[in-house]
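**Student:** Got a structure for you, questions after.
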Amino acid sequence: METVTITMKNAPALFLEADTISPDAFAGKSAAQIAELPVFEGNNPSTLGKYFEIRGGAGATAADTKIVVSGDVAKVKYIGFKMTGGEVVVEKSTDQYVGAWMKGGRITVKGDVAAFAGTAMKGGEMVIEGNAGNYLGAAYRGDWRGMSGGKILVKGNAGSDTGMYMLGGEITVNGNIDVHVMTHAEGGTVIVRGNAKSKVGGQMVDGNIYIFGTIDVMMPGFKPNGEVELEVGGTKAKFAHFIGDVGERHKKKKGQVVYGNLYKKI
Amino acid sequence: MTKTITDVICPFCGTLCDDVEVVVSDDGKKLLEVANACVIGTEKFLHSQEPDRVTRPRLRQEDGSWKTVSYEEAADYTAKMLAKAKKPLMYGWSSTNCEAQSIGNEIAEIAKSCCDNTAAVCHGTTLIAVQDIGLPSCTLGEIKNRADRVIFWGCNPAHAHPRHMSRYSIFPRGFFTGKGQMSRKMVVVDPRCTDTAKMADVHLQIQQGHDYELLDALRVALKGEWLPDSVAGIPAEKIREVADIMKSGRFGIIFFGMGVTQSLSKNHNIDAAIALTKDLNEHTKFSIMPMRGHYNVTGSGEVFAWQFGFPYSVDLTRGFARYNPGDSSSVDLLTRGEVDAMFTIGSDPGAHFPISAVKGIAKVDSVCIDPHMTPTSGVSKLHVPVAFNGVECGGNCYRMDNVPIDCRKVVEPPEGMLTDQEFLTMVLDRLKKLKGVA
Amino acid sequence: MAEYIIRNGHVFDPVQGIKGDKKDICIKDGKIVDKVGSSAKVIDAKDKTVMAGAVEIHAHIAGPKVNLGRIYRPEDKLFSCTPTKGMERMGSGASIPTTFKTGYEYAKMGYTTAMEAAMPPLFSRHVHEEIRDTPIIDEGAFPVFGNNWFVLEYLKNHEIENTAAYMAWLLNVTKGYAVKVVNPGGTEAWGWGLNCLTVNDPVPYFDITPAEIVKGLMEANEYLGLPHSVHIHPNNLGNPGCYETTLDTLKLTEGIKAKNKFGREQVLHLTHTQFHSYGGTTWADFESKAKEVTDYVNKNKSITIDTGNVTLDETTTMTADGPFEHHLTGLNHLKWANVDVELETAAGVVPYIYSPNISVCAIQWAIGLEIPLMMKDPMRCYITTDHPNAGPFTRYPRVIKWLMSKKARDVQVDSFKHKDKVLSQTSIGSLDRELSLYELAQMTRAGPAKSLGLGSMVGGLKPGMDADIAVYNFNPEKPVANPDDIEKAFSRTAATFKSGVQVVSNGEIVSNGNKRTLWVSIKAKENAQVARDIAEKFVKYYSMTQANYEALGHHFVPNPFAIEVDATN
């Protein structure tokens, strides 16, 4: 795997849309060619090289390419947008749409990410070492086809609307999570090792939520369904089981109604 | 002699009453009396007659004072600001007509700007919910003619839409509702005991911030499933009772306002309310409708949608249209420091945005087009006063139920004052020259 | 205005019976003429196909439900918005394009006239604003009548003159083009959450049946002598077994004679016939009844139809058939929008994915193609996708490919997951017919123009007609090597002319043209009773005043083209 290191040298006055910072866009290019990739500061078209110093070179394919993003990229959007393979390491915090619509490969952010990380993600892996903003692994506006595959790990806290319209894949949040978890979900898993506030699993059709900490307010549509012993993400524990959202429509499998599951550690 | 003009449209709220009568002087220059409108609407008409109105553009000087400039100079300034900006925000549009909005969109397209209307701080969340789950709705006449169940959720029409209940929702005797108010059951959901709530057959005094839970509970109750003893401070029996009231009607309607669109859960509250409405259609006929605020915020959404494809918070900076509130929405753009120029028309973000966003306006180049002196004109570098739309010029507007009604001109604007359309056309011509567009 | 001569193209014009002969077409002052001066601009059409501009007889392209579709489907635009380009405004929307994109896409495919298929009268001002903002193409809009309270009350007592007087008033004030009927009576029933599934189901409260509504409207339409006939979307759309309701509806034409000065011969136009030609009792035994429906239409010359071809895309359904959309959201669980319109109509919107992997969708696809292939007279059958219901209109070139090439159909059938079921439930596999270019010109130009009563104005290349012309990069003398070449050729014209102005050159927009709004202006007899009834309904039941109801003024209809009808005799 070849490594390209890009370091912010001229920070943008506004925000930078850099959807070309992805192994797919870099693949097969030299540092000079990568420097010519288009980026936008507002309506002003520019090139990656105008903002970043570029060292190294990309591999022949996305899978053979690792990108290290260095320097202050707190105002850079769309890192790892639509990537299908390879690796991106962001050394500090960055802005919105990290790994949005990604299909494969791995993204590591050693700081925080803003909203819309992993929007409609299909595959691959994303690790956020800091906190994630709102709409982590959620669907795009109006779309009923949200995150369908891949894994997201947030070591800090996550914002609201995590996993909205989720269909598959897994999101783990080691810290706390804000309101609305897996709203409208029809599959997939969200594991929260910290606390949750409220609106957990609202309008959920199918899927699994595990909360290790507290839930401030339960959704009335989640009905108690006994207790279960489970191993979740390597932790064995006893959980209270709830099924819901009872108010929502549900599919039937072999004559049995299939509900979403909410497990709260006891 | 005076003249009476009938069938006048009131340019205040989304109720868009079109039965107002206005008495004007014989020369059509003075507006003397207003009949049929509510207090707020009457005030809006009469306000145009204030003698101390600003009638020419004013440019802020370095010492903070205003200097009167010509409309030509103001148009030059505006066009140059938009041409130079990397990410201008063109915000407002809710108190002007669709023709002005249309010219504004052309300007925005050439300037590659972000465009947004006041839905950003009121019913934008409704639009997000509609995008997620749809909207079974109807026109206001349907309610007048058929509705026997009327729910007001997080809204207070007695004060915010004063003629709503008398024209459409509670009092009128319609085709199938010959007994008027007697034929309707009224439910109000509001944490406060408002004047609307006082009129209700049932008032659910909900715990603030728990609308989402209560809506979910109503859906559960409709299915006859298990409920906790109390949800959002409302006992389960009461919830079941209201669910029964709803499904036992022939035709029901949920009206909702900013009490649910801008409190905790925002779009999700509306999403759940729409889901409830959809569920109710398995039992009877039910609709749901947002109580839109500005008289033409709905129209702005319509024009944005047919021209760009999205109803608000549209980002044209890359030369094509994109949309994602949270990223492309005005308050976020301003508080995050994403824009470098602010153009405001037909609204007052200075009064309605969070202070962090208003500070964002103060930091950048800014133009405010508004007949009034407002908090926004106060923080803007250029203030362009214009004729009152719906009073001093006509133009199409959309009621809260999306019904288009063409506003009327009833009186002349003060000598030499331009309309929104006229001023925007001047800006457009200048911008085209600056950008070399044919 | 510039003069043009389109030289040496293979001309297909059913109006003059020209079947691919090499001819020159001359343009002067917006019209087709016999000859032009030597300074006329020359368009070289050697080895190309030349036809009149195509005429869209039924599409949902402007108005409240279309825009509701745009508003509530941001995902329909994701990653597909097009930038400003020269004189082209930016565009967006795959299944529900913006107004600008709508005009450009039609023009680029060689279409120059289009009809918005369902205008709720209360929203006519909205429809006209969108029409105004749709560049290039001439457009008209059909106000809906089939659930209108005036109509229901007059026809309950079979008051044809009163119905006609109201019809004339409504067409005039809404600047409408024709009388549209959608799920007659059923949509009014939907006001109470109910429906009318047969032509004999009584409409709640109004004490009338769909059959009486349809028959009465046809009689009133002919009483006025309107350019187009009643244009119907019958009851029971989209359900297994619905073909029987369709046949019952079509039989209502028996005994009614066309009466008009516009060369129209039919008294009823059946739209999106595909959705109305289903047999079976459930989705499991769902089958084609295209043969039964087309057999009847082939025999009965007072009917024209359009197809409503399923294009196998993700799209957005939208119709004034409110109860149908409610039914559909129950099937696919996708987001449901509905608008009931006081005293007049309703509309619903639901996204839909016609998946080639679902047998019902594949059968629908086959039925849409069977219908035109089974119709004997191409002048009475027109190609539509009921845009966007069965697919976006931008897929016309693909539909044309399927109709012109048996090979293309076979390739598609072979790719279906449930191929055997498609072959057993339809006769698509045994239909060898391939449409000729002449038949295509009949089905997309001369035919729809005639049905609309515009046959002397558009849809042909006869001198004196509007110079609406499409030149395609398609050489009819060369055998088609790959059916995809057909689709490619009809996707982008070499040149499109609209009213004598070249609007497209090599697939690119070169002028925004001079679009017109087509409407029918009727001079009708005074009818005091109807005038009183209108005034009373506004005072008592409408939510707006009568004085504000009309679509009046330059900002709604900046460039009107009124078809005059004198119905005073």
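**Student:** I need a count of the residues in the range C:279-308 that are in a loop (DSSP other than H, G, I, E, B), small (Gly, Ala, Ser), farther than 19 Å from C:ALA258 by Cα and within 22 Å of the chain's Cα centre (by Cα). Show your work before the answer.
**Tutor:** Going residue by residue through the range C:279-308, those that are in a loop (DSSP other than H, G, I, E, B) are C:280-286, C:289, C:300-302, C:307-308.
After this cut, where a residue has to be small (Gly, Ala, Ser) as well, the list is C:280, C:284, C:302, C:308.
Still in the list and also farther than 19 Å from C:ALA258 by Cα: C:280, C:284, C:308.
Then keep just the ones that are within 22 Å of the chain's Cα centre (by Cα); that gives C:308.
Within the range C:279-308, residues that are in a loop (DSSP other than H, G, I, E, B), small (Gly, Ala, Ser), farther than 19 Å from C:ALA258 by Cα and within 22 Å of the chain's Cα centre (by Cα) number 1.
**Student:** Going through the range B:142-159 one residue at a time, which ones are within 7 Å of chain C (Cβ to nearest Cβ) and out of contact with any strand residue (DSSP E or B) (no Cβ under 8 Å at 6 or more places or on another chain)? Full working, then the answer.
**Tutor:** Filtering the range B:142-159 for residues within 7 Å of chain C (Cβ to nearest Cβ) gives B:142, B:144-146.
Once the filter is applied, which keeps residues that are within 7 Å of chain C (Cβ to nearest Cβ) and out of contact with any strand residue (DSSP E or B) (no Cβ under 8 Å at 6 or more places or on another chain), the range B:142-159 yields B:LYS144, B:ASN145.
Residue by residue, here is whether (1) at pLDDT 95 or above; (2) away from chain C (no Cβ under 13 Å) holds:
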position	(1), (2)
B:PRO385	yes, yes
B:ASN396	yes, no
B:ARG399	yes, no
B:VAL437	no, no
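**Student:** Look through C:GLU564, C:GLU508 and report the one residue that is over 22 Å from C:VAL458 (Cα atoms) and more than 14 Å from chain B (Cβ to nearest Cβ). If you could, list the steps in order and put the result at the bottom.
**Tutor:** Numbers: C:GLU564 fails: over 22 Å from C:VAL458 (Cα atoms).
Among C:GLU564, C:GLU508, only C:GLU508 is over 22 Å from C:VAL458 (Cα atoms) and more than 14 Å from chain B (Cβ to nearest Cβ).
**Student:** Would you mention how many residues in the range B:209-232 are farther than 24 Å from B:ARG192 by Cα and at the interface with another protein chain (Cβ under 7 Å from one of its Cβ atoms)?
**Tutor:** Looking only at that region, the number is 5.
**Student:** Okay, moving on. Is it the case that C:PRO448 is under 30 Å from C:VAL520 (Cα atoms) and surrounded by 19 or more Cβ atoms within 10 Å (Cβ to Cβ)? Steps first, answer last, please.
**Tutor:** Numbers: under 30 Å from C:VAL520 (Cα atoms): yes; surrounded by 19 or more Cβ atoms within 10 Å (Cβ to Cβ): yes.
Yes, satisfied.
**Student:** Moving on to the next point. Give the number of residues within the range A:164-192 that are without any contact (Cβ under 8 Å) to a residue 40 or more places away in the chain and assigned to a loop (DSSP other than H, G, I, E, B).
**Tutor:** 9
**Student:** When you look at B:GLY337, is it surrounded by fewer than 24 Cβ atoms within 10 Å (Cβ to Cβ), away from chain C (no Cβ under 11 Å) and over 18 Å from B:VAL130 (Cα atoms), yes or no?
**Tutor:** So B:GLY337 passes the test.
**Student:** Quick check, is C:LYS523 in contact with a strand residue (DSSP E or B) (Cβ under 8 Å, 6 or more places away or on another chain), at pLDDT 95 or above, exposed (fewer than 15 other Cβ atoms within 10 Å of the Cβ) and farther than 21 Å from B:ARG173 by Cα? Steps first, answer last, please.
**Tutor:** Details: in contact with a strand residue (DSSP E or B) (Cβ under 8 Å, 6 or more places away or on another chain): yes; at pLDDT 95 or above: yes; exposed (fewer than 15 other Cβ atoms within 10 Å of the Cβ): yes; farther than 21 Å from B:ARG173 by Cα: yes.
Answer is yes for this residue.
**Student:** Mind listing just one residue for me: the one in the range B:87-97 that is more than 16 Å from B:PHE388 (Cβ to Cβ) and among the hydrophobic types (A, V, I, L, M, F, W, C) and, of those, nearest to the other protein chains (Cβ to nearest Cβ)? So that I can check it myself, show each step before the final result.
**Tutor:** In the first step, residues of the range B:87-97 are kept if they are more than 16 Å from B:PHE388 (Cβ to Cβ); the result is B:87-91.
With the extra rule that they be among the hydrophobic types (A, V, I, L, M, F, W, C), the set shrinks to B:89-90.
Numbers: B:LEU89: 10, B:MET90: 13 Å.
If we take residues in the range B:87-97 being more than 16 Å from B:PHE388 (Cβ to Cβ) and among the hydrophobic types (A, V, I, L, M, F, W, C), then B:LEU89 is nearest to the other protein chains (Cβ to nearest Cβ).
**Student:** Suppose we keep only residues that are in contact (Cβ under 8 Å) with a residue 40 or more places away in the chain and among the small types (Gly, Ala, Ser) within the range C:3-24. Which one would you say is surrounded by the most Cβ atoms within 10 Å (Cβ to Cβ)? Outline the logic, then answer.
**Tutor:** Residues of the range C:3-24 in contact (Cβ under 8 Å) with a residue 40 or more places away in the chain: C:4, C:6, C:9-16, C:18-20.
Then drop every residue that is not among the small types (Gly, Ala, Ser), which leaves C:9, C:20.
Numbers: C:GLY9: 27, C:GLY20: 18.
Filtering the range C:3-24 for residues that are in contact (Cβ under 8 Å) with a residue 40 or more places away in the chain and among the small types (Gly, Ala, Ser), the one surrounded by the most Cβ atoms within 10 Å (Cβ to Cβ) comes out as C:GLY9.
**Student:** A follow-up question, please. Give the residues of the range A:134-159 that are within 9 Å of chain B (Cβ to nearest Cβ), in contact (Cβ under 8 Å) with a residue 24 or more places away in the chain and of a type outside the set (Phe, Trp, Tyr), sorted by residue number.
**Tutor:** A:ASN134, A:ALA139
**Student:** Now for a separate question. Quick one: in the range C:350-380, of everything that is under 18 Å from the mean Cα position of the chain (by Cα) and not hydrophobic (A, V, I, L, M, F, W, C), which residue is surrounded by the fewest Cβ atoms within 10 Å (Cβ to Cβ)?
**Tutor:** C:PRO378
**Student:** Find the residue count for the range C:63-88, including only residues that are among the charged types (D, E, K, R), under 22 Å from B:ILE107 (Cβ atoms) and surrounded by 24 or more Cβ atoms within 10 Å (Cβ to Cβ). Please lay out each step first, then the result.
**Tutor:** Of the residues in the range C:63-88, the ones among the charged types (D, E, K, R) are C:65, C:70, C:73, C:75-77, C:85, C:88.
Subset that is under 22 Å from B:ILE107 (Cβ atoms): C:70, C:77, C:85, C:88.
Now drop any that are not surrounded by 24 or more Cβ atoms within 10 Å (Cβ to Cβ), which leaves C:70, C:77.
The total comes to 2.
**Student:** Report, by residue number, each residue of the range C:75-101 that is more than 9 Å from chain B (Cβ to nearest Cβ) and either in a helix (DSSP H, G or I) or farther than 28 Å from B:ASP315 by Cα (or both).
**Tutor:** Residues satisfying the conditions do not exist here.
**Student:** If you take the residues in the range B:401-416 that are more than 14 Å from chain C (Cβ to nearest Cβ) and touching a helix residue (DSSP H, G or I) at 6+ places or on another chain (Cβ under 9 Å), which one is surrounded by the fewest Cβ atoms within 10 Å (Cβ to Cβ)?
**Tutor:** Our first condition is that a residue be more than 14 Å from chain C (Cβ to nearest Cβ); within the range B:401-416, this holds for B:411-416.
With the extra rule that they be touching a helix residue (DSSP H, G or I) at 6+ places or on another chain (Cβ under 9 Å), the set shrinks to B:411, B:416.
Values: B:VAL411: 22, B:GLY416: 9.
Residue satisfying both the conditions and the ranking: B:GLY416.
**Student:** If you take the residues of the range C:526-568 that are among the aromatic types (Phe, Trp, Tyr) and under 25 Å from the mean Cα position of the chain (by Cα), which of them is modelled with the highest pLDDT?
**Tutor:** By that ranking, first place goes to C:PHE561.
**Student:** Hey, among A:GLY233, A:GLY207, which residue is at positive phi, surrounded by fewer than 24 Cβ atoms within 10 Å (Cβ to Cβ), within 25 Å of the chain's Cα centre (by Cα) and at pLDDT 95 or above? Can you show your working first?
**Tutor:** Working: A:GLY233 fails: at pLDDT 95 or above.
Within the list A:GLY233, A:GLY207, the selection yields A:GLY207.
**Student:** Report those helices (runs of 4 or more DSSP H) wholly inside the range B:347-438 carrying at least 2 residues which are acidic (Asp, Glu). Walk me through how you get there before you give the answer.
**Tutor:** Working: elements: B:349-352, B:355-363, B:375-379, B:420-435.
So the answer is B:420-435.
**Student:** Out of the range B:282-315, which residues are under 22 Å from the mean Cα position of the chain (by Cα), at the interface with chain C (Cβ under 7 Å from one of its Cβ atoms) and in a loop (DSSP other than H, G, I, E, B)?
**Tutor:** B:GLY309, B:PHE310, B:PRO311
**Student:** So B:LYS84 passes all but one of these: (1) of a type outside the set (A, V, I, L, M); (2) surrounded by fewer than 24 Cβ atoms within 10 Å (Cβ to Cβ); (3) within 14 Å of chain A (Cβ to nearest Cβ); (4) within 25 Å of B:GLY14 (Cβ to Cβ). Which condition number does it fail?
**Tutor:** For B:LYS84, the exception is condition (4).
**Student:** If C:MET87 satisfies every condition in (1) modelled with pLDDT under 95; (2) on the phi > 0 side of the Ramachandran plot but one, which is the exception?
**Tutor:** (2)
**Student:** Let me ask you something else. Can you tell which of B:ASP327, B:ASP332 is in a loop (DSSP other than H, G, I, E, B) and either facing another protein chain (nearest Cβ under 10 Å) or touching a residue at least 12 places away in the same chain (Cβ under 8 Å) (or both)? Give the derivation first.
**Tutor:** On the way: B:ASP332 fails: in a loop (DSSP other than H, G, I, E, B).
B:ASP327 is the lone residue from the list that is in a loop (DSSP other than H, G, I, E, B) and either facing another protein chain (nearest Cβ under 10 Å) or touching a residue at least 12 places away in the same chain (Cβ under 8 Å) (or both).
The values are calculated or read from the model by the stated rules, or taken from the named source; none is laboratory data. Only a predicted model underlies this, so the values are computations on that prediction, with no experimental measurement involved. Neighbour counts run over all protein chains shown; Cβ positions are idealised from the backbone, glycine included.
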